[in-house]
Amino acid sequence: MDHAQIWKICLITGIILLLVAFILGWIGFGVPDWQSFQLYTGSVVEYYGLWAYCQEQTVTYGTVCNRWYRAETQLFNGTRPTFISTSEGLITVGMILLSLGLVVAILATILPLLGYVASLMALISFVFLVIGLPIFGQDSNNLSRARGDVTYNKRYGFWLMVPTIVLEFLAMLLFLAAAFLYQRYGYGNIFTDSDTGVKSGWQVLGQPNVLVGPPPIRLPYGMGLPPMNLPHGMGLPPMNLPHGMRLPAPFNHDGFPPAPYPYSAPHNQVVPSLLSQYCNSQLSRPLGPLLARSITVSTLPQPCVTRAIASQPIPNVLPDYCRTCEPVEPPCRSIINCTGRTLVGPLMRTC
């Protein structure tokens, strides 16, 4: 599997897990079915959660529920148990952060680096939930034992928070992995086609610095092909045109159309993109074998005695000149050469 696509799988899987945790968490958060108990054998079943306290009715087979601010005045002398207030605050903050983390994770499908933010929010929410839930579970059992309840147990609202915490932790790891893999190998966003890749134009390129097909004739724009070197007196075969009909305007005097722009190939030939053609035109041309040419040495400034001469001229290269040594001392009298041979070497003047 392509490394550039693994982050998408991690991100989508994390969003699905966090969405399931979001649904389960808010259901468990809202229902009062967390702790149930019976005060004595044969008594009605009572249960409560974070927000309400309920009693089942044996006569009407119904349930009567009151919010905690009402139930606490009737059952706990106006004081709500401390563990309920503590758990309520911790779990509320955890669920709010879980919801915000889900929103940020969805935005990470467009801006993948937001996966780090979603992972951080999921981690903080996990910490609040994993602290608040055990507080409620342990202290509610301690309360039932202290009152001497005959039976007491946990109900589905409490147990729904357990998979919420587990799924949120897994989603946090997946968001972190998705953001890290995107930073290392990924590109685009979740909607970027994996088969598209990075392309330039519609042409299919060959190997690096190699053009597919024969090299195009590089002529300036609007200039036609050079005239054909035919034997003296021999020209191109006449074109059988109707009487009074001339070549259309785009054709030049040689009978060839001007070179198109950009340089193109026949329709059945795959050509590289304009960028590749331009780069290929800027490559240095191969030089032919080097030749050594001797230069006569004289007293006048001349090119170097021996230099490498290419079979083709090298553009933009100025000739390098060698100068003979100039006299250091002021001249006393002129030099007279009576030998008839060329003077070679530094000039020596004598007074």
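The values are calculated or read from the model by the stated rules, or taken from the named source; none is laboratory data. Since the structure is predicted, the reported quantities are computational estimates derived from the model, not experimental observations. Every residue, glycine as well, gets a Cβ built from its backbone with ideal geometry; the counts of neighbours run over all protein chains shown.
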Does residue 187 qualify as being closer than 30 Å to residue 275 by Cβ, at pLDDT below 95 and surrounded by 19 or more Cβ atoms within 10 Å (Cβ to Cβ)? no
Please go through segment 104-162 and give me each residue that is hydroxyl-bearing (Ser, Thr, Tyr) and in contact with a helix residue (DSSP H, G or I) (Cβ under 6 Å, 6 or more places away or on another chain), ordered by number. 116, 119, 125, 152
Tell me whether segment 118-130 contains one or more residues that are surrounded by fewer than 18 Cβ atoms within 10 Å (Cβ to Cβ) and part of a strand (DSSP E or B). no
Consider segment 31-50. How many of its residues are assigned to a loop (DSSP other than H, G, I, E, B) and at pLDDT below 90? 7
Criterion (among the hydrophobic types (A, V, I, L, M, F, W, C) and touching a Phe, Trp or Tyr at 6+ places or on another chain (Cβ under 6 Å)) met by exactly one of 146, 118, 122, 108: 118
I'm told residue 127 meets every condition in (1) of a type outside the set (Ser, Thr, Tyr); (2) touching a residue at least 40 places away in the same chain (Cβ under 8 Å); (3) under 18 Å from residue 25 (Cβ atoms) except one. Can you identify the failing condition by its number? (2)
Over segment 32-58, the set of residues touching a Leu at 6+ places or on another chain (Cβ under 8 Å) and surrounded by fewer than 21 Cβ atoms within 10 Å (Cβ to Cβ) is 46
Taking the criterion of being modelled with pLDDT under 95, in a loop (DSSP other than H, G, I, E, B) and not basic (Lys, Arg), would at least one residue in segment 4-25 satisfy it? no
Say we look at segment 59-97 and pick out the residues that are of a type in the set (Phe, Trp, Tyr) and at pLDDT 85 or above; which of these is surrounded by the most Cβ atoms within 10 Å (Cβ to Cβ)? 68
